[in-house]
Amino acid sequence: MKSRLLGAVSACIFSMAFSAVTNAAMVFNTSFNDPTGTFSPYYSDIQSHVFAAGAAWGSYIVGDASLEVQINFSTSIQTATGRSVTSSFVRNDGVFNVFEQGAAGEINTGVDPNNVQPDIEFTFGSDYLINELWFDPDPFSRTATIASNRTDAVSVVLHEFGHAFAFNGWRDPLDGSLPSDFQSTFDEHVFFDGDDLFFQGPRAVNVFGGDVPLTTNSYDHLGNNLPRPESELILDLMNGVNLYRETRYNISALDIAILKDSGFTVVPIPAAFWLFGSGLLGMIGVARRKNISG
């Protein structure tokens with residue numbers, strides 16, 4: 001099976017590791033794959049942003065886990081990527097073997113499918129890290145003014161956690177076809193109408209008010225530029241078009257609904273939160289923007 005869900009893990013791990021409890025049940029432990037220490041000036045900022053973003057997702061998710069997060073650096077990617085390093089079998093639905101993200105499996109069952117190996121890996125493009133990202137001095141409160149013409153790093157890490165937890169799979173990004181007799185818990189709710197891919201999980205459909213449009217050629221994201229559907233979703237954290245500079249993105253009601261459709265149990269949430277757009281309030285467009293690759 002080939003996917004962002006599965007992949008080899010580099011054995012060259014810099015000997016510096018950190019951990020933080022983000023809620024009563026979830027702990028995130030970070031390590032850095034940086035043998036020469038080239039990016040050591042960024043370790044503390046990246047670590048604090050992983051903890052803050054993990055805490056934000058953890059405030060909605062029910063489950064036990066001690067998740068190992070490996071941080072990689074690359075000169076060959078333009079932005080940042082995130083994924084679970086492995087996947088976890090859930091069930092056979094009579095036709096397909098269904099798998100969830102490895103991190104999701106550990107959260108949902110308490111069993112680590114990856115043993116002592118990293119559960120999640122984030123990879124930062126070196127130019128993106130140095131010249132584009134803005135690291136919040138207090139990534140938990142998120143009240144400081146974002147630097148001009150910079151992209152908020154908390155938003156980026158929140159986005160990549162979304163992929164590590166649920167927004168991922170094996171479908172063909174153009175027509176939604178599956179490569180064999182397996183699919184992810186995200187995949188099983190994806191439908192191709194002949195032109196576009198949509199997410200049809202019942203909770204997401206209820207929040208959005210209809211089938212949720214997925215990004216063309218990057219279906220583990222939400223929304224598109226016009227004329228493809230749906231431009232309003234470009235303001236969602238998990239959109240696949242742009243993260244606007246000088247803008248903070250937050251987990252939306254739609255993102256949580258997709259997590260629920262993908263097999264997560266979430267904490268009780270006030271009814272007002274489920275009004276579509278509640279997680280998007282306060283978003284503003286800016287003239288310059290960066291594309292998402294992760």
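Filtering the range 225-239 to residues that are among the aliphatic types (A, V, I, L, M) and either in the same structural domain as ALA153 (by TED's automatic domain parsing) or closer than 20 Å to ILE256 by Cα (or both) leaves LEU233, ILE234, LEU235, LEU237, MET238.
List, please: which pairs have Cβ atoms under 6 Å, are six or more places apart or on different chains, and start with a residue in the range 169-184 that is within 15 Å of ASP220 (Cβ to Cβ) and free of Cβ contacts under 8 Å to residues at least 60 places away in the same chain and end with one that is of a type in the set (D, E, K, R) and not in a loop (DSSP other than H, G, I, E, B)? So the pair list comes out as ARG171/ASP187. Scanning the range 55-74 for residues that are at pLDDT 95 or above and more than 16 Å from LEU259 (Cα to Cα) yields LEU67, GLU68, VAL69, GLN70, ILE71, ASN72, PHE73, SER74.
Here ILE77, ILE71, ILE46, ILE61 are screened, and the one residue that is of a type outside the set (Gly, Ala, Ser), more than 30 Å from PRO179 (Cβ to Cβ) and not assigned by TED's automatic domain parsing to the domain that holds MET238 is ILE46.
On the given criteria, is VAL267 under 30 Å from PHE51 (Cα atoms), among the aliphatic types (A, V, I, L, M) and surrounded by fewer than 22 Cβ atoms within 10 Å (Cβ to Cβ)?
yes
For PHE135, indicate whether it is more than 28 Å from ASP64 (Cβ to Cβ), within 20 Å of the chain's Cα centre (by Cα) and assigned by TED's automatic domain parsing to the domain that holds ASP64. So PHE135 passes the test. Going residue by residue through the range 93-105, is there one that turns out to be under 18 Å from the mean Cα position of the chain (by Cα), assigned to a helix (DSSP H, G or I) and surrounded by fewer than 24 Cβ atoms within 10 Å (Cβ to Cβ)? Looking for residues that are under 18 Å from the mean Cα position of the chain (by Cα), assigned to a helix (DSSP H, G or I) and surrounded by fewer than 24 Cβ atoms within 10 Å (Cβ to Cβ), one finds none in the range 93-105, hence no. When we screen PHE14, PHE39, PHE32, PHE51 for residues that are of a type in the set (Phe, Trp, Tyr) and at pLDDT below 95, the only hit is PHE14.
Those helices (runs of 4 or more DSSP H) of the range 116-225 that lie entirely within it include none in which at least 1 residues are buried (at least 24 other Cβ atoms within 10 Å of the Cβ), of a type in the set (Lys, Arg) and in contact with a Pro (Cβ under 9 Å, 6 or more places away or on another chain). Tallying residues that are of a type outside the set (Ser, Thr, Tyr), assigned to a loop (DSSP other than H, G, I, E, B) and either in the same structural domain as SER59 (by TED's automatic domain parsing) or at pLDDT 95 or above (or both) within the range 252-273 yields 2.
The values are calculated or read from the model by the stated rules, or taken from the named source; none is laboratory data. This one's a predicted model, so the numbers in the text were calculated from it and none came from an experiment. In this analysis, Cβ positions are derived from the backbone assuming ideal geometry, glycine residues included, and neighbour counts consider all displayed protein chains.
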